[in-house]
1. Right, residue A:44: farther than 30 Å from residue B:252 by Cα, within 14 Å of chain B (Cβ to nearest Cβ), assigned to a loop (DSSP other than H, G, I, E, B) and in contact (Cβ under 8 Å) with a residue 12 or more places away in the chain or not?
2. Would you mind telling me which numbered condition in (1) at pLDDT 95 or above; (2) more than 16 Å from residue B:196 (Cβ to Cβ); (3) out of contact with any helix residue (DSSP H, G or I) (no Cβ under 6 Å at 6 or more places or on another chain) residue B:264 fails?
3. With respect to residue A:54, is the statement that it is farther than 29 Å from residue A:289 by Cβ and part of a loop (DSSP other than H, G, I, E, B) true?
4. I need the full set of residues from the range B:109-133 which are assigned to a loop (DSSP other than H, G, I, E, B) and either within 21 Å of residue A:242 (Cβ to Cβ) or not assigned by TED's automatic domain parsing to the domain that holds residue B:95 (or both), in order please.
5. Restricting to the range B:1-36, and then to whatever is over 18 Å from the mean Cα position of the chain (by Cα) and within 13 Å of another protein chain (Cβ to nearest Cβ), can you tell me which residue is surrounded by the fewest Cβ atoms within 10 Å (Cβ to Cβ)?
6. What is the one condition in (1) within 23 Å of residue D:244 (Cβ to Cβ); (2) free of Cβ contacts under 8 Å to residues at least 40 places away in the same chain; (3) under 23 Å from the mean Cα position of the chain (by Cα) that residue D:39 does not satisfy?
7. Just one of B:111, B:74 is within 30 Å of residue B:31 (Cα to Cα), modelled with pLDDT of 95 or more and within 14 Å of chain A (Cβ to nearest Cβ); which is it?
8. Could you count how many residues in the range B:49-71 are over 30 Å from residue A:23 (Cβ atoms), surrounded by fewer than 16 Cβ atoms within 10 Å (Cβ to Cβ) and at pLDDT below 95?
């Protein structure tokens, strides 16, 4: 089991009379991720709506803040209990046996236009044996063909841009890997977390984007950018792509400061807690999804 | 109440050893749409999985067919019970009071890149008074600036293309209206049905695409293409855009024939059943959505 | 006649062993623009190739610089002799009488995809009476629908982006106006100069992009951004779009500083020289082009 | 020497009162391509303007036709005198020695957005030794990654689409090869001709698109689609991309029939004339271009 302690601080200046915010910075609560403790501070005394997407476990915080400064600070300690599997044992699922809940993740989405990448993906990956190896080939292709470059992409950059322009940040790596998986009918989705273990030369600790791919009935974690080991993922948001899992969506005239984030792994003397590390197994923090047939 | 009787016949030729299909042609079952009778025929004796998306009431039929011809025929009679509202009474909802279930419909999606249309939509519609009038202005803008032209668009055409190229079919009208609504923070989504009442000069009876916009806590129906009155909508699929509500998704080497569709409205002597018509009220076939706050 | 004195200073740091540069910063020499004096300084002692595109009068300076700093400084005084015409007297030219040299400027180019804007332009401007009024309507449309915003566009931004995203700098205004003119078969091209008279709040003096439109056999000047009066144009480059008229094209690993530019109008006591100003006439610095028929 | 005899017949129905046409179907007259005989028939008795672009030798025919049918028929016999070179002897030219006339062919154009493909091309071809081998590698990459599919592209398809969607016709192959060459600073341009020797299964004889790449000071011919040997090229048009070399540009309400084209190679008894064939040498029909330095 991995225990992660982290804090996120977001600071804004609101210029309008008011501005609305929807945050997705609280740790998801799932059978595999337990919140040991958490604390949320909002600098303005305003009504807060908290709600959870039951299917995806994503927790949203909505508030309307008044003109002036706003700071939102969240800290939590979470325990993450991974399901590990030997990659070679994992299978792609035929369309005919995909669980219902996987179906939204084989169609194209805003940043993952898998429909337009079908010929490309079929040419590159169509001949490979079905299974984990093919997913790994897609991940390697993305890692080998795209260069990590801060500032080379923006909020409207999609997989179609990244596959040509060959540069981007973690979210662009994730979008391209997702689009390529879906283009060969492998369900893939977007997970947001924090880049624990990232090389400090890439900049201060930041949010991170991972990919989940369904193999043998479970969602397994991949980090196509290679920046942060999947074992270090604290799940914040889950969805089709970044449109579903933004850490903050802001409505109004607002200036934002860069997020200030800290994260560390905690181990105790008893040895039950381990440090997140790169490992040979594939890791999942989802249960086995079963098909919903009539 | 409106009673609609319709049939859909889809014919395919499968060239591979097998091909997978996911259909979304069965009538949704909702508090506002009751299936009086229905019948499904699949020409091949194959296992069929039927499942329903609980949130959206969309019914999916999945099957794996063998090489050779495949015909799928569905017919149903449904009763539709509309909630009608005077347009002037309907309000846009501030972000702070939007029900949780509306939130996926203010973010961009594959065919509705509302993020890129924000400046355009703000310039055109940002100054208009909030409310139904603004939604109607968006619908009129789309209707006045886009020309209905069969064959002018294809499966990868999105709102970004349509806003420039100014031609398309019903799904393109729907995508553009949805994108423009979301770009000014009005939740909007895609509904598929059948083009009851369409001008025969547009071709044989076909599937149709409508828009649902949330006003005062309900989803109200709009037909930006002006082809088919919202009162004639038989709800088949619902989603963010056409990626979620395709009538058929096909995996494999398959040739399709054009769908053969018939639809008629049924009235009885007692007068409880009316013909679908264009009306001044806005119509909804959804209940009042309430906010999911903590 | 207008006399303009200007200087341009470009500074680079070259990281490779060498880097190649093609500059287009020298004043064009045409029957309407006379170079009174000029001076070019290149900080590195390297071979310089100077050549002139005879058709467009654009002057190019090519050089290969070594690792380290490079500064290129050019200053000139030029006399510009405008042909002025009353707008109402100017006609659009039918395709059948367009001079040969205008034909490259009715086809689409990299940043002016007039082919894709044909339906849009026909819908907006197709019904207007032919002539200057239609060109002015296009210019006004661009000025009213696009907002001047430094940093809102980049080197790959084209008319297709600007028409949707509604923000940009002078080159984006020019590209969009050019694309819309070509889309209704009016020849239009790109001219680069310096933003004499620009509002200092837009930033330091910079290069500027204008549009030339052919009416009644001559190219007339337009400034769709409204930033700098056409009378203040010192012609540097001319072409289909910014791809043809970049002030500097750099090949190699190079860091650039922002250009440092100064420009002033010079008047003498005799009154032959006037200050560039906004005027009601249309101005041209090209001669009458005559058709090249067999 | 190769002698080619060909005819082109274009048929239109004009619905407006009149329509304008610009044709580029006459054989270019160059030092390497001599028109032995030619004949042009236009079915309507209308004024015809013929003019030649002196730099590119392209011949244009412009006419305004009246409502009703229009047929344009051109036939010619041309002698083509190829310059052949051993590929291994040919060099890429450094930017610093490129002839002036090559410079328009290293910048991006409508259908060849080389600026956006720079990272892609540098990653794929940046490490290869400079020279013919690199051009051949680009040609092979295009041939291996794009599939010839009639109807898979349209008039707005560009290199950016083809590199992703991986299907197209000869013009798409040409655009992609051109864009990739320019992206690594190799001048490349578009040539139109007729698909002599094409496999009849691809359809009736049609226009064809070739690529010219500058190596060691000359333009050499490449056929990235592999459909027609460069030795069979009859040069009609030359330019940056298809926007410059359309066989017909039509202004007005017009219906076109597919072109009817015939082409054959002619050999005599004396043996001076050979059949066009695939050969190991690179072929050029341009002279040596020399740099225009000050």
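1. In short, yes.
2. Of (1) at pLDDT 95 or above; (2) more than 16 Å from residue B:196 (Cβ to Cβ); (3) out of contact with any helix residue (DSSP H, G or I) (no Cβ under 6 Å at 6 or more places or on another chain), only one is false for residue B:264: (2).
3. On the way: farther than 29 Å from residue A:289 by Cβ: no; part of a loop (DSSP other than H, G, I, E, B): yes.
Spelling it out, it is not the case that residue A:54 is farther than 29 Å from residue A:289 by Cβ and part of a loop (DSSP other than H, G, I, E, B).
4. Matches in the range B:109-133: B:110, B:111, B:113, B:114, B:115, B:116, B:117.
5. B:17
6. Residue D:39 satisfies every listed condition except (1).
7. B:111
8. 1
The values are calculated or read from the model by the stated rules, or taken from the named source; none is laboratory data. Given the structure is predicted, the values throughout are model-derived calculations rather than measurements. Neighbour counts are summed over all protein chains in view; Cβ atoms, including those assigned to glycine, are modelled from backbone coordinates with ideal geometry.
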